[in-house]
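**Q** This is the structure I want to talk about, given as structure tokens.
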């Protein structure tokens, strides 16, 4: 019983991490209509940035924030210099993100080597906390708190601010949003950069749990894809619920059917695709 | 002129092992041919149906794994090949039913996800697939008692399968079914209005594409006598898609040229630099941004333009268009 409870706690923490990763993915998909195949690479890039910053003596949290900002700047560059050149050609944009993901992976391999690097847990969150008689790693609780804080902040941004209203308008109907004077192309840069930054930040936050290694990008990208297919694109609630579901599927799948963990992970996605192609909370079919 | 070029390139292809000599280069020729079959199969979807699949390495891998497992369980090669192709077509049917829930980017995303499942199974289901270590086979088939163990013989066998694939796909694309498939790509609504069953047409195209992907997968297995999850990964799907797109989608020659380009680049590049993935990604980005139509249509346009410039002076120079098919080597 305790094992299951701890597994459930881990699943929620992993779901929180996935939310940080996939919220941006979902927004980019909702607004720009492209599955950003560099998203896993941005996660990995952020984690490697964090490793370098921490090794230069920076604390964990400043490193995480700086890495997020660095990846956000990189994302803005990618959007302005590459994706902007292919307006309206979504397929070409996807292929560019795919090409970029190979380049990023190779650069990371060159820069940081092929060995897994673990990021030390920040000292204030080391050890275990007791909740209802169960020992649970404090850091994972911290990840849950961070995810909830970010979810609230993103919700506030999208629902309560002018920028958020513009983004929602762009997601719902880009053509009409343009007609009423919203500069949708600038929103593209903002959202892509925001999503990239979140992914980079998540990379550092995930570091103490997952560590950083070549191939991390390929491990995370499918998870983000599944979250968005399950939850529906462009929906914050969708990516939150989707992340939790995937967190549970992934952890319980690993524990119960280690050889078929991937099948356990992807089967619900396939069921959703057949039964409800727009995802649980999606408004338009992808 | 076109016939002459075709005949010349056929002769060149058939005699390649004789004038190349070195078995290293003959093996590269075999690789190009087997990847060309793979790219031609994917092109049925990408080019003619307008459906971009990023999960085809999954089908490729299913064929190779099914073949390898059948052989290692004592099946003879004929049975193994049939079993592998049957498994691939069955898998393609499942892929198609799921992926055709979406079109456009939905289709891309679903194929990525399914491809990753296949990869995950190949990588994790160690009791069946031997995980990261892959599955090896010890023999190549001996059709009509001919051994395929040396490079030239294997090359010729691959060439025969390749020519069969080109012929069948050429007939396919010229057939009324091929025309209706292109119709579903360009004018799905009009095709529906005309009474065509778009879903069924796309489904059958997917199976047809899967068949050739499976054939290529079996050739890959026999070429390497080994299959590992690496051949199933997203990178492999991207590589074959790069072949189709760089060569030119929706043409017969494009995927062949693209396959030659990528295989040669890969072998040349990996001889000089370690960073093949970086080069692959960079070419991908460059081609999508600067030459979105692909090399073959791009060169064809260039050749037409040159011809139009040259025609008033010398008619002989129209042979300048001939190098195109030759570059398929």
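Every read-out reported here was derived from the displayed coordinates using simple, explicitly stated rules and does not represent laboratory data. Being a predicted model, the structure only gives us computed values, none of them experimental. Quick reminder, even Gly has a Cβ in these numbers, built from the backbone with ideal geometry, and neighbours come from all protein chains shown.
**Q** Give me the orientation-averaged projected area of the Cα convex hull of the protein assembly as shown, in nm², one decimal.
**A** Average of the hull's projected areas for the protein assembly as shown equals 31.6 nm².
**Q** When the helices in chain B are scored as -39500 (n - 2.57) per DSSP H run of 4 or longer and the sum is shared across all residues, what 222 nm value do you end up with, to the nearest 500 deg cm²/dmol?
**A** Taking each H run of at least 4 residues, the total per residue is -24500 deg cm²/dmol.
**Q** Write down the Å³ per residue value for the convex hull defined by the alpha carbon atoms of chain A. Numbers along the way, then the final one.
**A** Numbers: hull volume 37.7 nm³, N = 286.
Given the Cα convex hull of chain A, per-residue volume reads 132 Å³.
**Q** Assuming a ≥ b ≥ c are the square roots of the Cα gyration tensor eigenvalues, decide whether the stretch A:69-182 counts as rounded (a/c under 1.5), prolate (otherwise, with a/b larger than b/c) or oblate.
**A** Oblate, because a/c is 1.5 or more while a/b does not exceed b/c.
**Q** For chain B, what's the relative contact order in percent, using C-alpha pairs closer than 8 Å and at least 6 residues apart?
**A** The value is 31 percent.
**Q** What percent do you get for the relative contact order of chain A when only Cα pairs under 8 Å and 6+ apart count?
**A** Numbers: 453 pairs, mean separation 104.9, N = 286.
About 37 percent, as a whole number.
**Q** Still on this structure: Assign one of three labels to the stretch A:1-123, namely rounded, prolate or oblate, based on the Cα gyration tensor with a ≥ b ≥ c the square roots of its eigenvalues; rounded applies when a/c is under 1.5, prolate when it is not and a/b is larger than b/c, and oblate otherwise.
**A** Oblate is the answer for the stretch A:1-123, as a/c is 1.5 or above yet b/c matches or exceeds a/b.
**Q** Just need log10 I(q)/I(0) for chain B at q = 0.10, 0.13 Å⁻¹, Debye formula, equal scatterers on the alpha-carbon atoms, no solvent, rounded to two decimals.
**A** Debye output, listed in q order: -0.59, -1.00.
**Q** Now for a separate question. With chain B treated as a Gaussian network of Cα nodes joined by springs under 10 Å, which of B:161, B:268, B:94 yields the largest mean-square fluctuation?
**A** B:268
**Q** What average number of partner chain Cβ atoms lie no more than 10 Å from the Cβ of the residues making up A:259-270? Numbers along the way, then the final one.
**A** Details: counts 10, 4, 4, 10, 5, 1, 4, 7, 1, 0, 5, 8.
Partner Cβ neighbours, averaged per residue: 5.
**Q** Report the relative contact order of the stretch A:184-246, percent, no decimals, based on alpha-carbon pairs under 8 angstrom and at least 6 residues apart.
**A** The value is 18 percent.
**Q** Per DSSP H run of n ≥ 4, the term is -39500 (n - 2.57); total these for chain A, divide by its residue number, and report the mean residue ellipticity at 222 nm rounded to 500 deg cm²/dmol. List each step's numbers first, then the result.
**A** On the way: 11 runs with 212 residues, N = 286.
Only helices count here, giving -25500 deg cm²/dmol.
**Q** Ratio of alpha-carbon Rg to the 2.2 N^0.38 Å globular estimate for the stretch B:188-244, to two decimals, please.
**A** Numbers: Rg = 16.1 Å, N = 57, 2.2 N^0.38 = 10.2 Å.
That works out to 1.58 for the stretch B:188-244.
**Q** Of the residues B:34, B:310, B:234, which exhibits the maximal mean-square fluctuation in a Gaussian network model of chain B defined by a 10 Å Cα contact cut-off?
**A** B:310
**Q** Here is a further query. Ignore the peptide's own chain and count Cβ atoms of other chains within 10 Å of each Cβ in B:111-123; give me the average, rounded.
**A** 5
**Q** What residue among A:42, A:27, A:100 shows peak mean-square fluctuation when chain A is described by a Gaussian network model with Cα springs under 10 Å?
**A** Top of the fluctuation ranking is A:100.
**Q** Is the C-alpha gyration tensor of the stretch B:208-300 telling us rounded, prolate or oblate? Criteria: a/c under 1.5 is rounded; beyond that, a/b larger than b/c is prolate, otherwise oblate.
**A** Cα axes put the stretch B:208-300 in the oblate bin.
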